[in-house]
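The values are calculated or read from the model by the stated rules, or taken from the named source; none is laboratory data. Remember, predicted model here, so these are calculated numbers, not experimental data. FYI the Cβ positions are ideal-geometry reconstructions off the backbone, even for glycines, and counts take in every protein chain you see. Accessible surface is based on the protein model in full, side chains and every heavy atom, while ligands, DNA and RNA are left aside. Shrake-Rupley method; radii C 1.70, N 1.55, O 1.52, S 1.80 Å.
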Amino acid sequence: MRQIKRAAVLGAGVMGATIAGHLANAGLEVLLLDIVPRELTKQEEAKGLSLESPIVRNRFATSGVQGAVKGRGLYHKNFVQQITAGNFEDDIANLKDCDWVVEVVVENMAIKKSLLLEKVVPNLAEGAILSSNTSGLSVNAMAELLPKSVRKNFLVTHFFNPPRYMRLLELVPCKETDPEVLAYMAEFSRRRLGKGVVFGKDTPNFIANRIGVFTMFNAMQHMLELGMTVEEVDAVAGPATARPKSAIFRTCDLVGNDTLVHVGNNSYELLPNDEQRETFKIPEFFSGMIEKGLLGNKVKQGFFKKDKSGISYYDYVSGEYKASAKPKFESVLATKGLDDPAKRLQAVVAGKDKAAEFAWRNLRDALIYTVNRIPEISEDIVNVDNGMKWGFSWELGPFEMLDALGVRYFVERAEADGLDVPALLKKVDTFYKFEGAQKFAWDLVAGEYREIGIPSTQIKFDILKRDNKVVESNSDASIYDLGDGVFGLEFHSKMNAIDDGILDMTAKAVERAENQGVGLVIGNHGKVFSAGANLAKIAAAIKAGNFDEIERIIRGFHASLMGVKYSHVPVVAAPFNMALGGGCEVALHADSINAHAETYMGLVEIGVGLLPAGGGTKEMALRAIEMSAPYRADISPFIGKLFNNIVMAKVSGSAAELTGMGMMRASDAISMDIDSLIADAKQKVLALANNYRPGKPLENIKAPGRSAASALKSQVWNMAAGGFATEYEAEMGAIIAGVITGGDVPTGTLITEQYLLDLELEAFLHLCGNPKTLERIEHMLTTGKALRN
């Protein structure tokens with residue numbers, strides 16, 4: 001069987017270096033090569049180095065690695081050890097040890113030809129996969145440069161920038177690519193790299209950039225016609241129309257305005273028969289911005305600029321920046337509170353203001369353009385929809401948008417505008433449909449619906465729901481039968497905030513798994529795993545002086561999560577994205593964690609004037625004791641480290657950082673593929689169930705005691721004295737220090753797990769009684785930001 005263990009990345013620019021970083025994230029050994037410098041820097045001259053010095057010869061690749069680390073292209077700083085920097089002259093022979101070689105040099109056919117023929121092919125291992133990251137050159141034209149024996153293993157692997165965060169990977173075979181190689185790379189990219197794979201054709205800009213860049217240039221046209229500002233366009237072209245918060249012009253700044261101009265020019269040159277070719281012509285004001293060096297985020301000014309005076313936007317009429325006006329439109333306001341992107345889309349285009357008119361025109365043109373690209377760029381509408389969702393962060397793909405608006409409605413309104421509507425739109429009423437639990441998509445080639453299969457490595461709650469696998473449910477959470485005796489607990493409250501509904505269903509899920517199955521998975525397919533507890537409810541109770549209600553909430557938290565921890569069957573948590581506060585505490589109480597690689601987890605309660613009281617502070621105390629036990633060492637450094645998690649509200653930058661934070665153990669797992677997360681967690685449950693031994697609440701715990709608490713309190717007061725913490729933060733830190741060390745008792749005093757929970761509750765109620773805590777909570781609820789009072 002083919003395996004990829006070692007890869008080489010040729011070209012250490014921003015894209016090449018960050019691709020190398022992500023391959024290291026996936027556990028590969030990576031060789032990163034670039035050209036040899038032709039002259040010394042002043043710093044190298046000062047050190048007495050020469051052009052023959054290895055450190056000089058590898059400078060470009062080394063710099064690329066450093067840039068990838070600085071730009072957080074790696075899940076963990078230690079992963080950089082898997083990348084070896086080198087150059088095309090001294091290290092090219094090492095390609096023979098690589099299973100995959102990906103070329104990421106400048107988009108110039110002559111340069112690529114020279115590199116591939118003179119350097120790569122003579123050193124390529126037999127059977128190794130060779131790919132290019134090109135987005136603007138023909139894969140077949142490149143293949144013609146290669147020997148026939150190499151072509152069968154050659155294809156385009158087009159990563160989106162930044163490779164770590166952007167899920168899309170476009171795979172484009174040449175005419176002679178072995179289908180087995182293409183299938184292998186697709187599966188490898190999904191499972192090992194965590195990529196959302198779409199298959200492109202040998203057409204300019206493939207799928208996502210072809211549609212996405214057209215949409216952006218089309219937006220500029222309608223902005224000019226309607227006399228709107230870039231800020232007004234972004235107000236409507238973001239989440240209100242099922243697109244990302246970066247909307248149109250913040251996306252331009254993110255991508256780089258010079259990059260966008262390059263893609264636009266490339267499209268205009270290579271698409272002579274495109275009916276919308278003129279749209280790709282660069283607007284005069286946009287060319288002027290490039291001349292002024294307004295390239296976007298990389299130079300800190302583009303369509304938007306942020307400085308000490310605040311945020312300003314580029315006024316294309318005057319050529320100057322203007323202070324943000326924070327425009328508001330009735331059509332956009334109508335989308336507030338609507339979680340369903342389809343409903344938001346419908347609400348905006350039904351509006352009567354300027355924003356609604358812009359939204360309709362831009363979406364109308366983009367959707368017609370997309371339909372007209374079939375089958376040029378793809379025959380598969382699922383491919384196209386996924387490309388836009390994964391590459392441009394649209395919430396709905398183009399064909400999903402047509403279904404959301406209603407195909408009949410869309411056709412009638414577009415024709416009323418005097419536009420020619422593609423014949424395909426008059427043949428179908430909907431592009432997607434369900435029959436029971438089976439989902440179908442319109443097959444444009446066959447002219448009929450085809451089933452969209454779900455791989456065996458994936459579990460989808462929405463499909464299970466249609467298959468009547470929900471065994472119990474309320475408005476906040478549901479219990480599913482995942483098969484093989486495993487149950488699944490799904491949160492589905494707003495931001496998956498934890499309230500009575502979730503806690504109640506958690507207890508029921510544990511009970512059901514104990515009585516009817518072999519284990520439980522806690523996970524969901526929301527935007528976040530859980531943003532924490534329901535702060536609004538806590539705030540209301542504080543205002544009402546209803547501390548009995550607060551105590552009830554905390555005791556309910558304790559009962560549910562202790563039920564998770566001491567269940568008679570294994571419980572595996574599957575966190576992803578944000579797992580904050582109470583969401584983190586849920587994961588900490590599971591037998592095991594199977595996290596998605598992009599998991600940002602932490603105990604952040606101090607930001608709202610509280611401490612983790614769902615068992616989080618207790619768990620940090622127990623884990624510090626557990627970590628120190630094998631060494632029979634002083635517990636101070638261990639408890640100090642985990643104490644800092646709480647008082648500094650530390651949040652992991654990835655799942656890989658959670659072990660170092662004491663929040664994941666060596667036996668826990670990380671999944672790269674978000675779509676496989678629930679299925680992976682289920683497999684972990686089944687593995688644990690074979691020899692599961694339930695535990696009991698801990699007793700006879702040796703408390704670190706008041707001496708350890710004193711050291712922690714000194715630490716926070718020193719932070720306050722140095723201006724790194726407010727007086728109230730130091731006060732909270734001292735209270736947390738008392739809880740995490742087991743209270744005001746001598747070191748070694750025997751305490752119980754329940755005693756630590758009681759200390760949590762007492763401290764939580766005490767902090768709720770301080771007006772500064774209420775100020776913090778209300779500020780967070782109002783602004784979404786922490787108040788440092």
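A few points about this structure:
- Prolate/oblate/rounded label for the range 548-673 (Cα gyration tensor, a/c 1.5): rounded
- Normalised convex hull volume, the range 429-525, alpha-carbon set, Å³ per residue: 119 Å³
- A dipole drawn for the range 179-311 from +1 and -1 charges on Cβ atoms has a positive end, and of F286, V233, L270 the residue lying farthest that way is V233.
- Peptides 305-311, 650-656 ranked from most to least packed, by the mean per-residue count of other Cβ atoms within 10 Å: 650-656, 305-311.
- Pairs exceeding a 18 Å alpha-carbon distance, out of K650/K785; K42/K298; K439/K469; K96/K119: K42/K298.
- Net charge of Cβ neighbours under 14 Å - reference F286; Lys, Arg +1; Asp, Glu -1: -3
- Contact order normalised by residue count of the range 44-198, Cα under 8 Å, 6+ apart, percent: 16 percent
- Radius 9 Å from Cβ of L31, net charge of other residues (Lys, Arg +1; Asp, Glu -1): -2
- Within-15-Å neighbourhood charge of K70 [Cβ basis; K, R +1; D, E -1]: +4
- Accessible surface of the chain [probe 1.4 Å, protein heavy atoms]: carbon and sulfur percent: 52 percent
- Relative to its residue count, the range 475-530 spans a Cα convex hull of 61 Å³ per residue.
- Placing dummy labels 7 Å off each Cα toward the beta-carbon, the span from E412 to S324 is 4.0 nm.
- Cβ charges +1 (Lys, Arg) and -1 (Asp, Glu), total dipole of the chain, debye: 1060 debye
- Simple rule: put +1 on each Lys or Arg Cβ and -1 on each Asp or Glu Cβ in the chain, find the dipole, and look at A20, S63, G519; the Cα lying farthest toward the positive end is S63.
- Heavy-atom accessible area per residue - the range 528-670, 1.4 Å, Å²: 31 Å²
- For the listed residue pairs K152/K201; K77/K713; K5/K460; K245/K354; K292/K322, the alpha carbons are over 21 angstrom apart in K77/K713; K5/K460.
- Dividing the summed helix terms, -39500 (n - 2.57) for each DSSP H run of n ≥ 4, by the number of residues in the chain produces a 222 nm estimate of -12500 deg cm²/dmol to the nearest 500.
- What you get for the range 421-471, charging only the Cβ of Lys and Arg (+1) and of Asp and Glu (-1), is a dipole of about 140 debye around the Cα centre.
- Relative contact order (%) - the range 287-389, alpha-carbon pairs under 8 angstrom, separation at least six: 11 percent
- Cα gyration tensor category, rounded, prolate or oblate, for the range 540-612 with a/c compared to 1.5: oblate
- Mean accessible surface per residue for the range 706-759, computed with a 1.4 Å probe while every protein chain stays in place, in Å²: 44 Å²
- Gyration tensor verdict on the range 629-739 (Cα atoms; rounded if a/c is under 1.5, prolate if a/b is larger than b/c, oblate otherwise): oblate
- Using bins of 10 Å that start at zero, the share of Cα-Cα pairs per bin across the chain amounts to 2, 12, 20, 23, 22, 14, 6, 1, 0, in whole %.
- Under Karplus coefficients 6.51, -1.76 and 1.60, residue-wise ³J(HN,Hα) of the range 176-189 in Hz, glycine/proline x: 9, 4, 5, x, 5, 5, 4, 5, 5, 5, 5, 5, 4, 5
- Sequence-separation-based contact order of the range 280-336, relative, with Cα cut under 8 Å and 6+ spacing, percent: 16 percent
- For the range 442-515 versus the range 305-320, the gap between their alpha-carbon centres in whole angstrom: 46 Å
- A simple charge model with +1 on the Cβ of Lys and Arg, -1 on the Cβ of Asp and Glu and nothing else charged puts the dipole of the range 241-350 at about 700 debye relative to its Cα centre.
- Computed E for L338/A536 - FRET, C-beta separation, R0 22 angstrom, nearest 0.05: 0.70
- 3J(HN,Hα) along the range 54-62, derived from phi through the Karplus expression 6.51 cos²θ - 1.76 cosθ + 1.60 where θ = phi - 60°, amounts to x, 5, 6, 4, 9, 4, 5, 5, 4 Hz, with x in place of Gly and Pro.
- Acute angle (nearest 10 degrees) that the helix 381-391 long axis makes with the longest principal axis of the chain, alpha-carbon atoms: 60 degrees
- Full extension of the chain between E180 and E225 yields a length gain of 11.2 nm, computed as 0.36 nm times the residue separation minus the alpha carbon distance.
- Compared with the dominant principal axis of the Cα atoms in the chain, helix 547-565 is inclined by about 70°.
- Of V739, Y566, F159, farthest towards positive along the dipole that unit charges on Lys, Arg, Asp, Glu beta carbons give the chain: V739
- Modelled label reach - I290, point 7 Å along Cα→Cβ, the range 246-265 residues with backbone N closer than 13 Å: 256-265
- Seen against the Cα atoms of the chain and their longest principal axis, helix 354-372 is set at about 60 degrees.
- Pairwise Cα inverse-distance average, inverted: Kirkwood Rh of the range 1-137 (Å): 15.2 Å
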